[in-house]
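> Structure in structure tokens, see below.
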Amino acid sequence: MADLAAGGPQHVAIIMDGNGRWARARGRPRGFGHRAGGRAARAIIEHASDIGLPALTLYAFSSENWRRPASEVSLLMELLLGTLRKELNEFHRRGARLRFIGDRSRFSPDLREEMSRGEALTATNAGLCLNIALGYGAQQDLTRVMRELAAEVAAGRLRAEDINEARIAARLALGELPDVDLFVRTGGEVRLSNFLLWELAYTELYFSQTYWPDFGPADLDAAIDWYRGRERRFGMVEASACS
Ligand code: FPP
């Protein structure tokens, strides 16, 4: 099991990709893959909580996923609602603090209600900060922040020269959370797909060939071990032995 005390990441963000291909490889419909993906997500959340990871952010539904066929979108909505209803008490029992990032305006009232209920129930918990990106897109999040700042400048409450990186970061959906240390994408694709573009500026990027439904706790541990071996320089030069 990963030992986070020894230089492990404080915040891991995951693109859970490959459900559809996992199902196709088994001659089954995509929904079969998404259901298996939901079980894999639960196992990773429980493992993250067990190893004491401070923060985990999962990309469950992007702003672009609305363009999928209506039948797949409704299956994903059903799965998300069902998973939340079923697992919320367990997340709470483990002390996880749940937060949803993204535009929830297009989700059904049932799902929105469950999201708010989950956030309210777990708001004061001190365990794993579990962020689930739903209807999320990093460009949309950044655009929202720019608009808010522009409106404040126009209203005379903020000077343009006082806009800086810290002010922008604080207003992003993940706001006050520590920066993402480790990004994981499963399923073999090597791209960011509009996920946390600002927050990943100095993040270590780990790409796994494994389809999400097969990505288990041991795979997360392997990613964390890989992370521990990275030398993070944040734009500086490598540490000199004689300095
Ligand atoms: C990408 O696979 C996966 C999704 C769009 C859905 C991810 C959602 C889950 C795994 C459910 C998670 C549930 C909770 C509560 C966190 P894909 O369909 O793009 O796969 P493909 O690239 O092989 O087609």
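> By how many nm would the segment from T124 to F234 grow when fully extended, if each residue of separation counts as 0.36 nm and the alpha-carbon distance is taken off? Walk me through the intermediate numbers first.
Values: separation 110, 0.36 × 110 = 39.60 nm, distance 3.25 nm.
Stretched fully, the T124-F234 segment lengthens by 36.4 nm.
> Over region 119-243, what is the relative contact order in whole percent, taking alpha-carbon pairs under 8 Å and six or more residues apart?
Once divided by the residue count of region 119-243, the mean separation gives 22 percent.
> Expected output is a single nm value to one decimal: the length gained when fully extending between S193 and R39, i.e. 0.36 nm times separation in residues minus the C-alpha distance. What is it? Display every interim value, and only then the final one.
Working: separation 154, 0.36 × 154 = 55.44 nm, distance 2.27 nm.
In short, 53.2 nm is gained.
> So which trypsin sites (Lys or Arg not before Pro) in region 14-48 pass both tests, a DSSP loop state and at most 13 other Cβ atoms within 10 Å of the Cβ?
Answer in residue order: R26.
> Count neighbours as other Cβ atoms within 10 Å of each site's Cβ, and list the trypsin sites (Lys or Arg not before Pro) in region 169-230 that are DSSP loop with at most 16 such neighbours.
Numbers: sites: R171, R185, R191, R228, R230; in loops: R191, R230.
Passing both the DSSP loop test and the Cβ count: R191, R230.
> If W212, W22, W66, W198 are ordered by their accessible area, calculated over protein heavy atoms with a 1.4 Å probe, which sequence runs from highest to lowest? Show your work: numbers first, answer last.
Details: W212 0, W22 25, W66 55, W198 80 Å².
From most exposed to least exposed: W198, W66, W22, W212.
> Follow-up. Percentage of Cα-Cα pair distances in region 21-132 greater than 16 Å, rounded to whole percent? Can you show the working numbers first?
Numbers: 3770 of 6216 pairs.
Every Cα pair in region 21-132 considered, those over 16 Å come to 61 percent.
> Shifting gears a bit: Suppose the Debye formula is applied to equal point scatterers at every Cα of region 54-98; what is log10 I(q)/I(0) at q = 0.28 Å⁻¹?
-1.03
> Out of R94, R67, R104, any idea which swings most in a Gaussian network model of the chain, alpha carbons joined below 10 Å?
Checking each option, the largest mean-square fluctuation is seen for R67.
> Averaged per residue, what accessible area in Å² does region 17-171 show with a 1.4 Å probe, protein chains only? Don't skip to the end; give the middle numbers.
Details: 7890 Å² over 155 residues.
For region 17-171, the per-residue accessible area is 51 Å².
> Here's a follow-up. When 1/r is averaged over all different Cα pairs and the result inverted, which Kirkwood radius in Å belongs to region 15-73? Walk me through the intermediate numbers first.
Details: mean 1/r = 0.0783 Å⁻¹.
Computed over Cα pairs of region 15-73, the Kirkwood hydrodynamic radius comes out at 12.8 Å.
> Dividing the Cα convex hull volume of region 111-200 by residue count, how many Å³ per residue is that? Walk me through the intermediate numbers first.
On the way: hull volume 13.5 nm³, N = 90.
Cα-based convex hull of region 111-200, divided per residue, equals 150 Å³.
> Need one number for region 166-243: average projected area of the convex hull over its C-alpha atoms, nm².
Details: hull surface 28.3 nm².
It is 7.1 nm².
> Fully extended, how many nm does the chain gain between Q139 and S105 (0.36 nm per residue separation, minus their Cα-Cα distance)?
Values: separation 34, 0.36 × 34 = 12.24 nm, distance 1.69 nm.
My answer for the length gained is 10.5 nm.
> While we're looking at this one, here's another question. Semi-axes, largest first, in whole Å: what does sqrt of 5 times each Cα gyration tensor eigenvalue give for the chain?
Numbers: eigenvalues 158, 126, 66 Å².
Value: 28, 25, 18 Å, ordered largest first.
> Answer with one residue from I132, G37, L142: the one whose Cα lies farthest towards the positive end of the charge dipole of region 1-157, charges on Cβ with Lys, Arg +1 and Asp, Glu -1.
G37
> Pairs of Cα atoms under 8 Å, at least six residues apart: use those to get the relative contact order of the chain, whole percent. Mind dumping the intermediate values first?
Values: 362 pairs, mean separation 71.0, N = 243.
Once normalised by length, the contact order is 29 percent.
The values are calculated or read from the model by the stated rules, or taken from the named source; none is laboratory data. As the structure is a computational prediction, the values presented were derived from the model and not from experiment. Note that we place each Cβ from the backbone using ideal geometry, even for glycine, and neighbour counts take in every protein chain shown. We work out accessible area using only protein heavy atoms, side chains counted, and drop any ligands, DNA or RNA first. Shrake-Rupley method; radii C 1.70, N 1.55, O 1.52, S 1.80 Å.
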